[in-house]
Amino acid sequence: MTPAEIEGAVEAGMPQAIEDLTKLVSIPSVAFPGHPEAPVHEAAAAVADLLRSVGLPHVELIPVEGSFPAVYATAPAPPGAPTVLLYAHYDVQPSGDVALWRTPPFEPTVIGDAMYGRGAADDKGGLIAHIAALRVFQGDFPVGLKVIVEGQEEYAGERLESLVEARPELVHADAMVIGDVGNPKVGDPALTTMLRGMAAFTVEVRSLGDAVHSGSFGGAAPDALSALMRMLTAMHDDNGDVRVPGLERGVFPGESSSEKEFRATAGVLDGVSLVGSGSIADRVWASYAITVTGLDVPSVSGAINAVQAVARARVTIRIPPSGDAATALKTVSAFLAENAPWGVQVSFDDTVTGSGFRASEGGPARAAIEKAMEHAFGRAPREVGQGGSIPLVAKLATLHPQAEILLYGVEDEDASIHAPNERVILGELRRIITAEALFLSTYTHP
């Protein structure tokens with residue numbers, strides 16, 4: 001197919017792509033504990049149907065221990081053609097406070113050129129980009145294909161890692177496309193070449209057998225919450241830089257957004273300064289970051305006059321590709337324990353780790369996607385990093401180091417993934433579909 005024919009096929013297929021995305025976003029496939037499991041299985045079945053509908057001859061649901069099934073599909077390579085692995089995930093983040101959404105999170109709504117709904121961008125939009133690109137070829141694929149769609153990436157992606165480690169042949173390919181990232185801005189094409197890894201844990205502080213009256217005991221009884229707050233604030237200096245020994249700042253070699261752009265995207269309030277040192281790219285792509293993502297303490301509305309006996313916090317560490325997640329977890333845990341005041345009892349549990357990734361210089365697959373994105377967007381893509389983590393990527397790179405791994409997608413920094421009012425720009429979806437179809441049609445062995 002010529003580029004013009006591919007563009008025409010993508011344009012003609014956009015109503016179907018939007019319909020498919022609408023159906024998927026309508027399924028509340030939240031794979032977090034405490035949420036109904038039936039919608040997650042419904043989404044898996046819907047994905048399998050979509051993969052069959054585009055002509056993939058082999059589609060199956062593969063059980064993942066302790067998790068939801070992976071949807072897997074293959075098509076053989078024509079003689080002499082390479083094989084491409086396409087990845088996405090069908091689970092989504094919880095909606096959070098529904099009152100903060102302008103439209104219902106699981107009732108996809110098109111306003112102008114945007115579809116709003118949980119998962120519209122992350123990652124059902126990325127999944128539909130794969131589906132719509134494959135539909136262009138009407139079952140006559142120019143390359144061999146393997147498609148794996150994960151069912152619990154947002155909560156426990158390390159479980160799919162265990163599957164592919166046990167069965168590496170499932171994901172053996174010449175090139176791997178990870179459709180779970182995006183561009184800095186709409187219309188600004190980018191290839192992600194750096195991912196931070198992550199580690200997370202829960203820290204618990206105990207100081208008393210039970211909470212006691214603050215009037216009778218406050219001033220002498222050790223408060224577990226105060227102890228925990230001291231420990232957590234010790235991890236950063238007054239400028240907001242991480243000051244845990246061994247977690248050094250890094251440098252991103254490519255282009256960085258400005259502080260003004262970052263403030264606008266992050267919604268930083270007037271008069272509130274940013275934290276940390278170095279460029280924005282250095283801070284959010286190439287350096288360690290430590291965030292307290294949750295606290296278990298009495299709520300303000302239910303507070304009583306008591307010295308707290310126990311307090312817990314969830315801590316997340318983002319780790320540059322040069323760092324090791326397990327080492328960072330041990331380092332931060334030890335630092336917190338060393339900074340615990342008054343001899344309080346400190347324990348750690350519910351640990352999670354995932355490695356970072358840095359792309360190689362690239363070969364024929366990189367050249368083909370760069371040319372395809374330039375055609376689809378009208379400008380060449382640039383290299384960017386991602387502060388978030390995709391645990392599977394590092395595992396793929398370890399299992400199949402010869403494969404070129406390409407990261408791009410339909411998201412942008414204003415897509416509000418993991419937040420209320422998530423949305424995908426339909427024009428951006430069309431451009432990514434076009435780029436992927438062009439890539440599949442032009443990618444050849446070296």
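Every read-out reported here was derived from the displayed coordinates using simple, explicitly stated rules and does not represent laboratory data. Everything numeric here is computed off the predicted structure, so don't read it as measured data. Neighbour counts run over all protein chains shown; Cβ positions are idealised from the backbone, glycine included.
Once the Cα atoms are used to define both axes, helix 38-53 deviates from the longest principal axis of the chain by about 20 degrees. Per the Debye calculation on the range 67-112 with a single equal scatterer at every Cα and no solvent contribution, log₁₀ I(q)/I(0) for q = 0.17, 0.21, 0.30, 0.32 Å⁻¹ amounts to -0.75, -0.88, -1.17, -1.23.
Scoring 425-436, 158-169 by mean Cβ neighbours within 10 Å over their residues and listing the highest first yields 425-436, 158-169. Here is how the number arises for the chain: DSSP H runs of 4 or more residues each give -39500 (n - 2.57), the sum is divided by the residue count, and the result at 222 nm is -10000 deg cm²/dmol.
Calculate the translational D of the chain in whole µm² s⁻¹ from Stokes-Einstein, where the hydrodynamic radius comes from the Kirkwood formula applied to all Cα pairs, the temperature is 4 °C and the viscosity 1.567 mPa s. Rounded to a whole number, D works out at 56 µm²/s.
May I ask for the Rg/Rh ratio of the range 383-443, computed from Cα atoms with Rh as the Kirkwood radius, given to two decimals?
Rg/Rh: 1.02.
So how tilted is helix 364-377 from the main axis of the chain? Cα-based, degrees 0 to 90, rounded to 10. For helix 364-377, the angle is close to 90 degrees.
A Stokes-Einstein calculation at 4 °C with viscosity 1.567 mPa s, built on the Kirkwood radius of the range 314-446 over Cα pairs, returns a diffusion coefficient of 72 µm²/s. In the range 36-165, the DSSP beta bridges split such that about 65 percent are antiparallel, to the nearest 5. For the chain, DSSP calls about 65 percent of its internal beta bridges antiparallel. In the calculated pair distance distribution of the range 247-310, what percentage of Cα-Cα distances lie above 17 Å? Taking all Cα-Cα pairs of the range 247-310, the fraction more than 17 Å apart is 59 percent.
Evaluated at q = 0.08, 0.13, 0.19 Å⁻¹, the base-10 log of the normalised Debye intensity for the range 1-157, with identical point scatterers placed on the Cα atoms, takes the values -0.24, -0.62, -1.17.
Of the peptides 332-341, 78-87, 118-127, 142-151, the order by per-residue mean of other Cβ atoms within 10 Å, starting with the highest, comes out as 118-127, 142-151, 78-87, 332-341.
Listed by chain and number, the lysines whose alpha-carbon sits under 29 Å from that of Lys371, ignoring those within fewer than 8 places in the same chain, are Lys124, Lys146, Lys185, Lys395.
From the Cα gyration tensor of the range 197-288, with a ≥ b ≥ c the square roots of its eigenvalues, which class applies: rounded if a/c is under 1.5, or else prolate if a/b is larger than b/c, or else oblate? Judged from the Cα gyration tensor, the range 197-288 comes out prolate (a/c at least 1.5, a/b above b/c).
With neighbours defined as other Cβ atoms within 10 Å of a residue's Cβ, the residues Glu404, Glu361, Glu259 order from fewest to most as Glu361, Glu259, Glu404. Across the range 294-378 the C-alpha pair distances fall into 10 Å bins from zero in the proportions 12, 27, 22, 16, 12, 10, 2 percent.
Can you tell me the orientation of helix 325-338 relative to the chain, as the angle in degrees between its alpha-carbon axis and the longest Cα principal axis, to the nearest 10? Tilt of helix 325-338: around 10 degrees.
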